[in-house]
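Chemist: Please find one structure pasted underneath; my questions will follow.
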Amino acid sequence: MAGAKLTPSPSEIDPDVKTEVRKTPEPTWAHSSNPLRSMDSFGSDVGQRYQEEYSMDSTNAQVQVEFYVNENTFKERLKLFFIKNQRSSLRIRLFNFSLKILTCVLYIVRVSLDDLKETNGNPCHNSMIRDSSWPNSTSESPEINWKLIFWVTRPDPLWAIQVTVALISFLETMLITYLSYKGNIWEQIFQISFILEMINTVPFIITIFWDPLRNIFVPVFLNCWLAKGALENMINDFHRAIQRTHSAMFNQVFILICTLLCLVFTGACGIQHLERAGKNLTLFDSFYFCIVTFSTVGYGDVTPQIWPSQLLVVILICVALVVLPLQFEELAYLWMESQKLGGNYSRHRAQTEKHVVLCVSSLKIDLLMDFLNEFYAHPRLQDYYVVILCPTDIDIQVRRILQIPLWSQRVIYLQGSALKDQDLMRAKMDDAEACFILSSRNEGDRTAADHQTILRAWAAKDFAPNCPLYVQILKPENKFHVKFADHVVCEEEFKYAMLALNCVCPAMSTLVTLLVHTSRGQEGQLSPEQWQRMYGRCSGNEVYHIRLCDSKFFGEYDGKSFTYASFHAHKKYGVCLIGVKREDNKSILLNPGPRHIMAATDTCYYINITKEENSAFIFKQEEKHNKSLSVSGLYDAPCRLPVHSIIASMGTVAIDLQNPDPPEETSKLALPTENGSGSRRPSIAPVLEIADSSAILPCDLLSDQSEDETNQSDEEGSVGSDFVKGYPPNSPYIGSSPTLCHLLPQKAPFCCLRLDKGCTHNSFEDAKAYGFKNKLIIVSAETAGNGLYNFIVPLRAYYRPRKELNPIVLLLDYPPDNHFLEAICCFPMVYFMAGTIDNLDNLLQCGIIYADNLVVVDKESTMSAEEDYMADAKTIVNVQTMFRLFPSLSIITELTHPSNMRFMQFRAKDCYSLALSKLEKIERDKGSNLAFMFRLPFAAGRVFSISMLDTLLYQSFVKDYMIAIARLLLGLDTTPGSGYLCVMKITEEDLWIRTYGRLFQKLCSSSAEIPIGIYRTESHMFSTSECKDSYVQSQVSINVEQGEEQQRKRKESWKEKTAHRNSSASEQSEHPLLRKKSMQWARRLSRKSTNKPSSRAERISQQRLNLYRRSERQELSELVKNRMKHLGLPTVGYDEMNDHQNTLSYVLINPPPDTMLELNDIVYIIRSDPLAHMPEESQVGQNRNTCNQTHFVSETRDETHL
């Protein structure tokens, strides 16, 4: 305490003296185990006094008690001040360093003032020495003038200063030696620093008492080594005082530099002094000689002439050969370690540059490239830096990628943990623009991986509360732990919802994947295939946003209905308006319907090749002239409008103003009544600017209700008459979005949910016995996780017609627990069965021959393998087997690695698939983020990898609305007034519309639905002939009629051949799938010469393939039928010939208006919310239907578990 009076030590106080209460209290000494510290006058932490005041109730007097934690002796106080206390010790070391530097400077001054003649004529020495002249050049061994070595010229003022400095240094050294004495005096004496201090100080002290020794030589330049040690200690004390740690790399570099300087300075001063007796070199010449020598250059123009200086050079070189390699080795080791750790991201860079932090538990090359390609695909992110924070050592492949100049200047890898504030400080998390926290999906325990992600998110939020967090979580039950994050993507939620929609909306996974990937639509534009060019161009469509008042696309539709704005924007600019958000509402509404009036402050969300800000507008000169003419129809004559990344005017669509009334047919695409002559093509009603309630057809929900209540037949009544609409009473996890669904009036008993075992309520033991009206949807999964709940909800949503609900069968490796059964027992036609897809009996029992879709979910136990890409091996082989056994089945497979999709439906000799592989490599070399998009299973929506959706989280950094829109499209969220995604199929009766633009108008004018794309299937004949220069030669395209006819002929011939086969023995299931004779027959046909024209050779090759397939399919058909007979199942429903092997399918997102519609096209449409504009009568009916559910919901709502 400043100004406090020193009190005697406890050792000086008589222990028998007692404390008395006085008006002027005397201090009483005591000891305490937990004192409150305060700095004394020396600034130390030891020997400090601590006071406590106690009030005496009887006399109101006070007693001052002072406590001492450490010994209060004078030695301890000095020891604290000079050694232990960081701040005072730092001052002492700084003073000591200054003294050593001063002595070196004084030595240089003494050398510059040195006079050899005065030294020779010194009267204090009676010995006669020859004049210090240069020896004869012919002399081989010059004589040494030892007097010039031992005696120097030292002026009196300089001597006085050096003596003073030496005296101070000597006293300080002796004091430090005394304070640091630990019982062994010789250990203190033989320290190098103590010896150097004695050499440089004792001679000067002796000269005080013996005047003739004032000019004796003292090697004061050796103080540079003492200065080096003092500087190192001073830096350590400085970092301890400011409570900061400096880099070991910096410390080692600093030590190396100081060592080199000391060696050079010692050598220069020593050689200069010794050469006074020889060549008489100057200090600069000696310095020059040392630099040339230590750099191994050795010019030889300056060399020592006498043996003492030569001996000194030898000693210095030996010391350098020992010390410097050790220093360099330590430096190299620290550099290698720092390369592993990644160093630091400097505070200056963090404050002047923009960067994001990527936190992962393990960094794989695929994850890194997906992030970098998607993140830097946006132009405004080109100046951002990516700081990777990972606790594991950097992978060799990752290191190689980060050394590429494209990434080496923008990506920084730091090894560290997000749970350590020190590592977060290294990454400058508090200055980051965003923090991406990704889960390790390849971990065997996904729950543990989520727990690690949650802790990382908490640590990042605690360290940098203002940094936006983008978190990826695996399991939905853990999502509520990170709900504070700005954006959260739950992998299992999106995965199961997307797989479910794939069953009712084909290739939904491909559609969403293309929307969330950044592309410019340039993929496949050089391909000779028409479908690849169209598919690649449409894949460049993405979702963008803009305010209505700032938009040229939608600015003119202020005050118009949403449907009117969407149709006319597509007609004029080719953009598809899909959603809108009010300024005063945070919710995004997809297709709010014609009753939504656009306002200038609305935010519009649209699908287009590029955003409006990057578009050039080219207006046609004839447009104004066409407005004055009567509208006769754009599509009367064939035309082809250019569609590029630059948005151009898209023309107009024909409308018929003479018949504005809506059609009376219930079908949305019903053929309208023609006006005039029969040669005129039917026209479509216009889209009204302001909604007319009579112009909109009744929504599906209301028509579904009326159908159920009034027009049900006996057969239909058994399917949907017992269903009610309501919210699921039991959610398996916290945070699930409530969705209005079709439910059972009463919960089904758990025993009735088992498909393959009968119970007291029913005796059905297989799918055939249930007599389902619709095709089954089978889901193969390892366990019944909470994410599987999101597979059921979209398929039971209220807007699905009751008569179109597909039964759902869960084929699980392990039986589900009661908690999961409690959540699904309220849904109609949902069953489970224990089994695996590699067991044919399990597949047949769960009704695979009556299924339309089989969804194979990636299993957690197979996600990790010794070789990363082998994690999908078992799944791929099992799916390939089912693909051969059940060719008519639509199999949707989830893979861990997207690159393995090339093995789905693998054909080793299919040249068309090989050509697609070459095209994928070409697109990858061009830098495409969607190089795998031309693979037929992905284009058709038959394969999916959840890692494809990682870009959804990355895109949300630029488009913060993408996660919300994706959840609305997938049905994970249901916002009041927002529409939902569904599909419609183009039949022969609908082909009168002809083009996609007219279809857009028809849907907008009749039912206020917004189409967003087409799923198209084409028939192709894949050739197995040898590949030529171009892969076009390996493909034979045929039309739909020819394909159907050939399939019918093959089916008839197959039935005739299989009628005579013996299929009675069930032991054939143990035989190989392909009979040897059939394979030998196919090989014998393939060896025949093909010296025919190319067209005939291809035809013969196709015939050989058909023969080979027939022999293989016969064997597979017998195998399946024998197992069905063995299980007691009827074989009538097994359709072995209806396959899709000669077709290819692909998705066209927002195609041009002049795209011609084809038969069996499936159109993706966003239908407006049926409940948004429901009449009051319908709402009353809806309430009446759900009143029976109220007690059921309230009874089980409180049973939700974590």
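The values are calculated or read from the model by the stated rules, or taken from the named source; none is laboratory data. Quantities reported herein were computed from a predicted structural model and do not represent experimental measurements. Glycine also receives a Cβ, built like all others from the backbone with ideal geometry; neighbour counts cover every protein chain displayed. Only protein heavy atoms, including side chains, enter the accessible area calculation; ligands, DNA and RNA are left aside. Shrake-Rupley method; radii C 1.70, N 1.55, O 1.52, S 1.80 Å.
Chemist: Only one of Ala834, Ala908 is open to solvent by 20 Å² or more (accessible area, probe 1.4 Å) and in contact with an Asp or Glu (Cβ under 8 Å, 6 or more places away or on another chain); which? Show your work before the answer.
Modeler: Details: Ala908 fails: in contact with an Asp or Glu (Cβ under 8 Å, 6 or more places away or on another chain).
The conditions single out Ala834.
Chemist: Using beta carbons and a limit of 7 Å, which pairs, at least six apart or on different chains, have the first residue in segment 562-577 and under 17 Å from Ser615 (Cβ atoms) and open to solvent by 10 Å² or more (accessible area, probe 1.4 Å) and the second one among the aliphatic types (A, V, I, L, M) and not in a helix (DSSP H, G or I)?
Modeler: From segment 562-577, the pairs are Lys571/Met650; Lys571/Val653; Lys572/Met650; Tyr573/Ile647; Tyr573/Met650; Gly574/Val643; Gly574/Ile647; Gly574/Met650.
Chemist: Among Thr173, Thr153, Thr201, which is the only one that is more than 15 Å from Lys100 (Cα to Cα) and either buried (at least 17 other Cβ atoms within 10 Å of the Cβ) or modelled with pLDDT under 85 (or both)? Before you say what the answer is, go through the steps one by one.
Modeler: Numbers: Thr173 fails: more than 15 Å from Lys100 (Cα to Cα); Thr201 fails: more than 15 Å from Lys100 (Cα to Cα).
Just one listed residue meets the conditions, Thr153.
Chemist: Across segment 392-437, what is the number of residues that are among the hydrophobic types (A, V, I, L, M, F, W, C), under 12 Å from Cys359 (Cβ atoms) and not in a strand (DSSP E or B)?
Modeler: The total comes to 6.
Chemist: Among the residues of segment 249-275 satisfying the criterion of being more than 20 Å from Tyr288 (Cβ to Cβ) and hydrophobic (A, V, I, L, M, F, W, C), which is surrounded by the fewest Cβ atoms within 10 Å (Cβ to Cβ)?
Modeler: Phe250
Chemist: For Leu844, state whether it is touching a helix residue (DSSP H, G or I) at 6+ places or on another chain (Cβ under 6 Å), under 20 Å from Leu1144 (Cα atoms) and assigned to a helix (DSSP H, G or I).
Modeler: Details: touching a helix residue (DSSP H, G or I) at 6+ places or on another chain (Cβ under 6 Å): yes; under 20 Å from Leu1144 (Cα atoms): no; assigned to a helix (DSSP H, G or I): yes.
Spelling it out, it is not the case that Leu844 is touching a helix residue (DSSP H, G or I) at 6+ places or on another chain (Cβ under 6 Å), under 20 Å from Leu1144 (Cα atoms) and assigned to a helix (DSSP H, G or I).
Chemist: Before we move on, is Leu952 outside any helix (DSSP H, G or I) and either in contact (Cβ under 8 Å) with a residue 60 or more places away in the chain or among the small types (Gly, Ala, Ser) (or both)? I'd like the intermediate steps shown before the answer.
Modeler: Values: outside any helix (DSSP H, G or I): no; either in contact (Cβ under 8 Å) with a residue 60 or more places away in the chain or among the small types (Gly, Ala, Ser) (or both): yes.
No: the conditions fail for Leu952.
Chemist: Now, a different point. Looking at Cys759, Cys826, Cys752, which one is modelled with pLDDT of 90 or more and farther than 26 Å from Glu894 by Cα?
Modeler: Values: Cys759 fails: modelled with pLDDT of 90 or more; Cys752 fails: modelled with pLDDT of 90 or more.
Result of the check over Cys759, Cys826, Cys752: Cys826.
Chemist: Looking at segment 969-994, I want the residues that are on the phi > 0 side of the Ramachandran plot and small (Gly, Ala, Ser) and have a partner that is assigned to a strand (DSSP E or B) and open to solvent by 20 Å² or more (accessible area, probe 1.4 Å) with Cβ atoms under 9 Å, at least 6 apart or on another chain. Which pairs are those?
Modeler: Here the result reads Gly977/Leu589, each pair linking segment 969-994 to a residue that is assigned to a strand (DSSP E or B) and open to solvent by 20 Å² or more (accessible area, probe 1.4 Å).
Chemist: Go through Asp301, Asp395, Asp366, Asp383 for me and flag whichever is open to solvent by 60 Å² or more (accessible area, probe 1.4 Å), without any contact (Cβ under 8 Å) to a residue 40 or more places away in the chain, under 22 Å from Ala418 (Cβ atoms) and not hydroxyl-bearing (Ser, Thr, Tyr). Even if it seems obvious, please write down each step before you answer.
Modeler: On the way: Asp301 fails: under 22 Å from Ala418 (Cβ atoms); Asp366 fails: without any contact (Cβ under 8 Å) to a residue 40 or more places away in the chain; Asp383 fails: under 22 Å from Ala418 (Cβ atoms).
None of the others qualify; the one that does is Asp395.
Chemist: Looking at segment 439-458 only, could you name the residues that are of a type in the set (D, E, K, R) and either touching a Gly at 6+ places or on another chain (Cβ under 9 Å) or surrounded by 18 or more Cβ atoms within 10 Å (Cβ to Cβ) (or both)?
Modeler: Start the filter on segment 439-458 by keeping residues that are of a type in the set (D, E, K, R), which leaves 441, 443, 445-446, 450, 456.
Result: Arg441, Glu443, Arg446, Asp450, Arg456.
Chemist: Give segment 488-524 a look and list any residue that's of a type outside the set (D, E, K, R), over 28 Å from Lys985 (Cα atoms) and over 20 Å from the mean Cα position of the chain (by Cα), or say none.
Modeler: Result: Gln522, single match.
Chemist: If I ask for residues that are in a helix (DSSP H, G or I), of a type in the set (Val, Ile, Thr) and out of contact with any His (no Cβ under 7 Å at 6 or more places or on another chain), which ones from segment 955-981 would you list? Step through it out loud before you land on a result.
Modeler: Here is the first cut: in segment 955-981, the ones in a helix (DSSP H, G or I) are 955, 962-970.
Okay, now just the ones that are also of a type in the set (Val, Ile, Thr), so 963, 965.
Across segment 955-981, the qualifying residue is only Ile965.
Chemist: Sticking with this one: Of the numbered conditions (1) of a type in the set (Phe, Trp, Tyr); (2) open to solvent by 10 Å² or more (accessible area, probe 1.4 Å); (3) touching a residue at least 60 places away in the same chain (Cβ under 8 Å); (4) assigned to a loop (DSSP other than H, G, I, E, B), Tyr814 satisfies every one except a single condition; which is it?
Modeler: Every condition holds for Tyr814 apart from (3).
Chemist: Determine which single condition Ser88 fails, assuming it passes every other condition in (1) assigned to a helix (DSSP H, G or I); (2) surrounded by 14 or more Cβ atoms within 10 Å (Cβ to Cβ); (3) at pLDDT below 75; (4) more than 60 Å from the chain's Cα centre (by Cα).
Modeler: (4)
Quick grid of which residues meet (1) in contact (Cβ under 8 Å) with a residue 40 or more places away in the chain; (2) farther than 19 Å from Leu363 by Cα; (3) of a type in the set (Val, Ile, Thr):
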position: Gly444; (1), (2), (3): yes, no, no
position: Ala448; (1), (2), (3): no, no, no
position: Ala459; (1), (2), (3): yes, yes, no
position: Gln472; (1), (2), (3): yes, no, no
position: His481; (1), (2), (3): no, yes, no
position: Ser527; (1), (2), (3): yes, yes, no
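Chemist: Let me ask something else about it. Please find, among Val543, Val504, the residue that is modelled with pLDDT of 90 or more, over 19 Å from Glu1018 (Cα atoms) and either touching a His at 6+ places or on another chain (Cβ under 8 Å) or open to solvent by less than 10 Å² (accessible area, probe 1.4 Å) (or both).
Modeler: Details: Val504 fails: either touching a His at 6+ places or on another chain (Cβ under 8 Å) or open to solvent by less than 10 Å² (accessible area, probe 1.4 Å) (or both).
The unique qualifying residue is Val543.
Chemist: In the set Tyr980, Tyr996, Tyr1015, Tyr1031, which member is modelled with pLDDT under 90 and under 38 Å from the mean Cα position of the chain (by Cα)? Full working, then the answer.
Modeler: Working: Tyr980 fails: modelled with pLDDT under 90; Tyr996 fails: modelled with pLDDT under 90; Tyr1015 fails: modelled with pLDDT under 90.
Criteria check complete, one pass: Tyr1031.
Here's the yes/no breakdown for (1) more than 23 Å from the chain's Cα centre (by Cα); (2) crowded, with 23+ Cβ neighbours inside 10 Å; (3) closer than 27 Å to Ile1014 by Cβ; (4) not aromatic (Phe, Trp, Tyr):
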{"position": "Lys921", "(1), (2), (3), (4)": "yes, no, no, yes"}
{"position": "Gly927", "(1), (2), (3), (4)": "no, no, no, yes"}
{"position": "Phe934", "(1), (2), (3), (4)": "yes, yes, yes, no"}
{"position": "Pro937", "(1), (2), (3), (4)": "yes, yes, yes, yes"}
{"position": "Gly941", "(1), (2), (3), (4)": "yes, yes, yes, yes"}
{"position": "Phe944", "(1), (2), (3), (4)": "no, yes, yes, no"}
{"position": "Lys959", "(1), (2), (3), (4)": "no, no, yes, yes"}
